[in-house]
Amino acid sequence: MSTSTRRLFPVVMAIGIAATLVGCTAGDSEKVGARTSAIAVLDSKDLGDILVDGKGNVLYAFKPDNASTVSCTSGCATVWPPLPVADNASTAAGDGVDVTLLGKLPNPAGGPVVTYNGWPLYRYAADKAPGQHRGQDTFLNGGYWYVMKPDGKPLMP
C-alpha cells in the first residue's frame with residue numbers, strides 16, 4: 001500500500017462510518033436524503049494537498065465552468081463524471097476540507113453536483129487508483145482540467 005493510500009484510508013473510513021451512522025439514525029423517508037457525498041484531503045507527494053472523494057478519487061475543476069456552471073455534460077461527463085449529491089443531502093467533509101466552501105449546482109443531466117468554492121467537482125475516468133491524478137493540467141472536452149486544492153482554488157500552472 002502506498003504512503004498516500006495509507007494516509008487516505010483512515011479519512012475515507014471515518015467519512016464512510018459517519019455517513020453510515022447518519023443513514024442508520026434517520027427515518028425511512030430521511031434515509032434517501034441522508035446519503036452524502038464525501039470529500040477529504042489527500043497529501044499527494046507531487047502535488048501537495050488535494051481534494052478526493054470518499055473513495056480516494058481525485059477531484060477536478062473544469063476551467064470553462066468559470067466556477068458557476070456545470071458545463072461538462074453528455075459525452076464529456078462519461079470521461080469526467082461530476083460528483084453527485086442527493087437533492088436534500090449534505091456533503092461530508094474530512095479534516096482540512098473547508099465546509100464553508102461546499103455547495104451544490106444543478107446538473108443539466110439531472111440532480112445536483114457538489115461544488116467547492118463554487119467550482120463543480122468532477123472525477124476522471126482514466127484515474128484508475130486512489131490518489132491518481134492523470135487529468136491534472138489536461139486539455140480535453142474543450143478546456144483544461146485542474147486538481148482542486150483545499151483552499152478552493154484549482155491547481156493551475
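Residues whose amide H lies under 5 Å from that of Ser44, counting only those 5 or more places away or on a different chain, are Asp49, Ile50; hydrogens are built 1.01 Å from N in the peptide plane. Accessible area of Ser71 (1.4 Å probe, protein heavy atoms only, ligands and nucleic acids ignored): about 60 Å². Once the Cα-Cα distance is subtracted from the 0.36 nm per residue extended length, the Asn88 to Leu47 segment shows a gain of 11.4 nm.
Surface listing: Lys45, Lys104, Lys153 arranged by accessible area from highest to lowest gives Lys45, Lys153, Lys104, probe 1.4 Å.
Backbone phi angles across region 114-130, fed through the Karplus curve with coefficients 6.51, -1.76 and 1.60 (θ = phi - 60°), yield HN-Hα couplings of 5, 10, 9, 6, x, 7, x, 9, 10, 9, 10, 4, 7, 7, 9, 9, x Hz in residue order; Gly and Pro are listed as x. Please work out whether region 36-157 counts as rounded, prolate or oblate from its C-alpha gyration tensor, where a ≥ b ≥ c are the square roots of the eigenvalues and a/c under 1.5 means rounded, while otherwise a/b larger than b/c means prolate and anything else oblate? Cα axes put region 36-157 in the rounded bin. For region 142-147, backbone phi angles converted through the Karplus equation (6.51, -1.76, 1.60; θ = phi - 60°) give residue-by-residue couplings of x, x, 8, 10, 9, 4 Hz, Gly and Pro being listed as x.
Spin-label model, Phe139/Lys55: points 7 Å from Cα along the beta carbon direction are separated by 3.0 nm.
The values are calculated or read from the model by the stated rules, or taken from the named source; none is laboratory data. The structure presented is a predicted model; accordingly, all values stated were derived computationally and were not measured. All Cβ positions, even for glycine, are placed from backbone atoms using ideal geometry, and neighbour counts span all protein chains on display. For accessibility, only protein heavy atoms count, side chains too; no ligands or nucleic acids. Shrake-Rupley method; radii C 1.70, N 1.55, O 1.52, S 1.80 Å.
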